[in-house]
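Where a number appears in this text, it was derived from the coordinates with a stated rule and is not lab data. From a predicted model like this one, the values you see are computed outputs, not experimental measurements. Note that each Cβ is placed from the backbone with ideal geometry, even for glycine, and that neighbours are counted across all protein chains shown.
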Amino acid sequence: MEKKLKVGVLGATGMVGQRFISLLENHPWFEVVTVAASPRSAGKTYEEAVGGRWKMSTPMPEAVKQMVVMNVNEVEKVAAGVDFVFSAVDMTKDEIKAIEEAYARTETPVVSNNSAHRWTPDVPMVVPEINPEHFEVIRYQRERLGTKRGFIAVKPNCSIQSYAPVLTAWKEFEPYEVVATTYQAISGAGKTFKDWPEMVENIIPYIGGEEEKSEQEPLRLWGKVEDGRIVKAESPVITCQCIRVPVLDGHTAAVFVKFRKKPTKEQLIEKLVSFKGLPQELELPSAPKQFIQYLEEDNRPQVSLDVNFERGMGISVGRLREDTVYDFKFVGLSHNTLRGAAGGALLCAELLTAKGYIQAK
Ligand SMILES: NC(=O)c1ccc[n+]([C@@H]2O[C@H](COP(=O)([O-])OP(=O)(O)OC[C@H]3O[C@@H](n4cnc5c(N)ncnc54)[C@H](OP(=O)(O)O)[C@@H]3O)[C@@H](O)[C@H]2O)c1
């Protein structure tokens, strides 16, 4: 790319916002030119606004330290200086819906980490390796919004990334019933052990709203574009329990599957390791070379050994074996703030750019 696209990060001071800032440091296509957050942070330098809240393991990039934080709610002002924005603000669902649409209407594409628009019929919710064809609905969304270049695209919830890619790789064997339990890291709630000490040596069997997302969102990924909207798939049925565990980064899922066309274990592994998508074909900057790895050792995948596979953008699978009640069971692992949040959104933005949906203003 000749000239880098100018990017704004909405919610830049939060956990996911910080992840965007770190991932965008030295990005070959995108350059952060604007950081925005709540009115509490507006007017301060990024370094002052974040203060002791920097949660990344790498230092705050020098290029953003002295940037003055803008107020997310001053839409025209923020939008004026950027080609597109990443959204990671924490507001009410209705507020997020409204503000993301307001940015789109200023002809500023919004690539969002938030759940507010995941079920808006003409908003694509995409994992680039799974359903890039859903970007087709952007045409209809632009008609509704009355925009030429502005639109909203979202990525799905972090919890599904440890099993939805796996089930997609096995599509031809027609999985029709899935039982999953997720063991989810505390960074998924925007927390570290320092600010959530109750989680040390603890398990909490409840994550608000997570089970419905984990059961329903994969069906939308597997849905079809019909009459300018995404119509979700009906199968497989998925039932899920979501449990918070004392892990900093990395969501694990233990999953049982029934297939209409029962495969062999060897066939299943072959489909996993050969599964590729557009990001790999186009060699997008954040694409993992190997999307899914299969680990033969009985004690893998482990969070501490495998969460950073392919810089946190790959999925690790292990313990695939036949089951006495279901056909097969397995364990999956993905990085919840990389593949599951900022990294997944960044990969969406790269594909949107490669496909011409995002361009310089
Ligand atoms: N953490 C994850 O792994 C994860 C994964 C998927 C999705 N999400 C979603 O992503 C969003 C951000 O999550 P997070 O964990 O990064 O949250 P967070 O650490 O609490 O950060 C929230 C960000 O939103 C800003 N903000 C809060 N209230 C605002 C307001 N009234 N107006 C404008 N800006 C406001 C904050 O600015 P100040 O610093 O000025 O307060 C901050 O920049 C949430 O909707 C969350 O559900 C998170």
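Quick notes on this one:
- Positive end of the dipole of the stretch 225-356 (Cβ unit charges, origin at the Cα centre): among Phe309, Pro288, Thr239, the Cα lying farthest that way belongs to Thr239.
- Sorted by Cβ neighbour density within 10 Å, fewest at the top, the residues His134, His117, His27: His27, His134, His117
- Pairs of alpha carbons in the stretch 238-306 whose separation is greater than 15 Å (percent): 70 percent
- Couplings 3J(HN,Hα) for the stretch 295-312, derived from phi with the Karplus relation 6.51 cos²θ - 1.76 cosθ + 1.60 (θ = phi - 60°), are 9, 7, 5, 4, 9, 10, x, 10, 4, 5, 9, 10, 5, 8, 3, 6, 6, x Hz, where x marks Gly and Pro.
- For the stretch 210-262, fraction of C-alpha pairs farther apart than 15 Å, in %: 61 percent
- Sequence of Ser274, Ser38 once ranked by neighbouring C-beta atoms within 10 Å, starting from the fewest: Ser274, Ser38
- Among Val273, His117, Tyr183 - extreme Cα towards positive end, dipole of the chain, charges at beta-carbon: His117
- Set Lys6/Lys93; Lys191/Lys224; Lys213/Lys261 screened for pairs whose C-alpha atoms are more than 30 Å apart: Lys191/Lys224
- Over the chain, dividing the summed -39,500 (n - 2.57) contributions of all DSSP H runs of at least 4 residues by the number of residues returns a 222 nm mean residue ellipticity of -7000 deg cm²/dmol.
- Label point 7 Å beyond Cα of Thr58 along Cβ direction - residues of the stretch 293-331 with amide nitrogen under 18 Å: 307-314
- When you restrict to C-alpha pairs under 8 Å that are six or more residues apart and normalise by the size of the chain, the relative contact order lands at 17 percent.
- Once the Cα atoms are used to define both axes, helix 265-274 deviates from the longest principal axis of the chain by about 20 degrees.
- Length-normalised contact order for the stretch 159-335 - Cα pairs under 8 Å, 6+ apart - percent: 27 percent
- Furthest towards positive pole of dipole, Val127, Ser214, Ala104, structure part the chain, Cβ charges: Ala104
- Label zone at Ile203 (point 7 Å along Cα-to-Cβ), backbone N below 15 Å, the stretch 255-282: 255
- Spatial separation of Cα centroids for the stretch 269-309 and the stretch 141-178, in angstrom: 18 Å
- Relative compactness, the chain, computed as alpha-carbon Rg over 2.2 N^0.38 Å: 0.96
- Assuming charge only on the beta carbon of Lys and Arg (+1) and of Asp and Glu (-1), the dipole of the chain about its Cα centre is about 480 debye to the nearest 20.
- Rounded to the nearest 20 debye, dipole of the stretch 159-335 from Cβ charges on Lys, Arg, Asp, Glu: 200 debye
- Pairwise Cα distances in the stretch 159-335 exceed 31 Å for 15 percent of all pairs.
- Here the stretch 1-127 is treated with +1 on each Lys and Arg Cβ and -1 on each Asp and Glu Cβ, and its dipole about the Cα centre works out to around 300 debye.
- Gaussian network model of the chain, Cα within-10 Å springs - most flexible of Thr264, Thr168, Thr181: Thr264
- Antiparallel DSSP beta bridges within the chain, as percent of all bridges there, nearest 5: 45 percent
- When DSSP beta bridges are restricted to pairs lying wholly in the stretch 1-101, around 10% turn out antiparallel.
- Tilt relative to the chain, helix 93-105 - C-alpha long axis, 0 to 90 degrees, to 10: 60 degrees
- Listed from fewest to most Cβ neighbours within 10 Å, the set Tyr357, Tyr103, Tyr176 follows the order Tyr176, Tyr357, Tyr103.
- The stretch 159-335 - share of DSSP beta bridges that are antiparallel (%, nearest 5): 65 percent
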